[in-house]
Amino acid sequence: MTDPAHDFDPRWSLLDIVEALSLAAYGPISGDQQLADTRIGPHGGGDAGVAFDTRSVRDGDLFVALQGTRSHGIEHAAQAFANGAAAVLAGTDLELDDDRWAELLGEAAQLGPVLVATDCDSVTALGRLARAWRRRSSWRVVGITGSSGKTGTKDLLAALLRRAGMRVVASHANWNNEIGVPVTLLSAGAATDVVICEMGMRGPGQVAWLCEVADPDIGIVTTAGTAHLELLGSVEAIVAAKAELLAGTWAGGVGVFPAVQPALVEAAARVPDRLLPFGVGESEADDSAVLVTSLERGDDGIRGTIDLLGRELEFDVPLHGLHHARNLAAAAAVLVALTGSADLLPSDALVIGGEERDAFTRGRGDRHDMAAGGLVIDASYNANPESMRAAIDELSATSGDRRVAVLGRMAELGAASRELHEQVGEHAAGHGALDELVVIGVGADADALADGWLRGRGNAARRYDDVDVAIAALGEWHRAGDAVLVKASNSSGLGRLAATLVERFGAGSAEGGEVT
């Protein structure tokens, strides 16, 4: 673990990189002195000086050649050097046969220094590069994983830390995989205090590997739910995979987890020295170091009070949905850990202004007023059974002439998918305040949503095969004054439907809210 007290030197050379990653160097450069004399970066914010797209290469950058969907980055080395790259870094990728790889490597090495990790692919080399940069740093790293709530917690935490005067770099959107986490780390530099990394999970060991790269000081597990059942097969396996973040947080760090899921701590092979369980509600009071003690919906979001290790503060955040209180509790626990004491926080530390909402990730329950009344709740960014139920609860508590839930498929639920989709349909049907369910998509999961609604209501859900058909039939299911929830896994494409509603009928739209 890096000593936070040392001064961060944002300058590094090709020799630093070669030694840190055990690389082989090729091209018109020889000897340690020439490698040491070739500097990478820094730029305005003191970032690592690393680029992954030839279009974003700056003078003095290290260009990392990754495998793309249609070509490998090494095929574009000439353009990278032409745009000012000081060197190219690549792994030994199996996507290219040996002869082609040798040919491309030779061509690139005629143009400038090429650094090659001979024992791994380019993505692994990127991770090692980010780890080397992180271990030169003086900033603190917060890792966030969980079945749901990762992005919401990240957005809230970034806002709270910036309000506290800290300089923050956070994962863009949901860049939370073996490329996104290194990219986030490499974009931090001397002008950074805290780096927040979302850490996604596609199977056992992935979060552990991301921890090896990021070396987090603080690890947050937002929840371990039913998302990823298809990949892992059981909730117990999901708990174990998420607990890798607690095990991967350095021994002197802090682990933040839901008080209702102590199994996360039990599943971690090693846990940090300090644990901060968080919660919402009386049932979690005894075990929570951070506890939301009162909660209500407001016109602009949620508000209430929260107990931070014995000190009670009011909170007011521009996010609709009571489930965001749990994300706030997790973020507040990190704020206390980074500042040292809840007593050091000002009384308005948890009051986030509406203007700060613009920096939050879109499609996470955004509310758009319609010109002729009603609104659209865009929660199309992603979905799992827990977040689906929470979003339906929020729609039921929302004012509107009618309340219409437009739902699509939840991905990665495996053998339990049909049952879980039926349960969501039944949950929607159980809310008497909901007037209609619109199901988008075909197949067993869409059928199960509709079946659950039918079982609970006795009348059929409205069905459309895809987003285009639903948009063409807007006049059949959407009326002026409706409160409409749009939610599904991102792969379902319902974000386009939400955007169409806002464009056509939102406040200031050309059509003035008239539904045709």
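Translational diffusion coefficient of region 366-516 (Stokes-Einstein, Kirkwood radius from Cα pairs, 25 °C, 0.890 mPa s): 164 µm²/s.
The A191 and R274 beta-carbon pair, evaluated with R₀ = 41 Å, returns a calculated FRET efficiency of approximately 0.90. About its Cα centre, the dipole of the chain is roughly 380 debye, where the only charges are +1 on Lys and Arg Cβ and -1 on Asp and Glu Cβ. The label point for L309 and the one for A102, both projected 7 Å from the Cα toward the Cβ, are 6.0 nm apart.
Within a straight-line Cα-Cα reach of under 13 Å, K154 can be paired with the following aspartates and glutamates, leaving aside sequence neighbours fewer than 8 residues apart in one chain: E198. Rounded to the nearest 10 degrees, the inclination of helix 444-457 to the longest alpha-carbon principal axis of the chain is 30 degrees. Note on region 64-124: with neighbouring protein chains present and a 1.4 Å probe, carbon and sulfur make up 47 percent of its accessible heavy-atom surface. Here R463 sits with roughly 90 square angstrom of accessible surface, probe radius 1.4 Å.
What angle do you read, to the nearest 10 degrees and between 0 and 90, between the alpha-carbon axis of helix 417-429 and the longest principal axis of the chain? Relative to the chain, helix 417-429 is tipped by roughly 40 degrees. For the pair A473 and R362, the difference between a 0.36 nm per residue extended length and the Cα-Cα distance amounts to 37.4 nm.
Have a look at I471, A433, A446 and report the one farthest towards the positive end of the charge dipole of region 402-516, computed about the Cα centre with Cβ charges (Lys/Arg +1, Asp/Glu -1). The residue sitting most towards the positive pole is A433.
Placing one identical point scatterer on every Cα of region 264-380 and ignoring solvent, what is log10 I(q)/I(0) from the Debye formula at q = 0.13, 0.15, 0.17, 0.21 Å⁻¹? Log10 I(q)/I(0), no solvent term: -0.58, -0.74, -0.90, -1.19. Here region 207-320 has an Rg and Dmax of 15.6, 44 Å, counting Cα atoms alone. Taking the C-alpha atoms only, the angle from helix 385-396 to the longest principal axis of the chain is near 50 degrees. By the Kirkwood approach, averaging reciprocal distances over each pair of separate Cα atoms, region 81-186 gets a hydrodynamic radius of 16.4 Å. When Rg and Dmax are taken over the Cα atoms of the chain, they come to 24.7, 78 Å.
Using a probe of 1.4 Å on the protein chains alone, the accessible area found for C120 is around 10 Å².
The values are calculated or read from the model by the stated rules, or taken from the named source; none is laboratory data. The structure presented is a predicted model; accordingly, all values stated were derived computationally and were not measured. Glycine gets a Cβ as well: all are built from the backbone with ideal geometry, and neighbour counts include every protein chain shown. All accessible areas refer to the heavy atoms of the entire protein, side chains included, with ligands and DNA or RNA removed. Shrake-Rupley method; radii C 1.70, N 1.55, O 1.52, S 1.80 Å.
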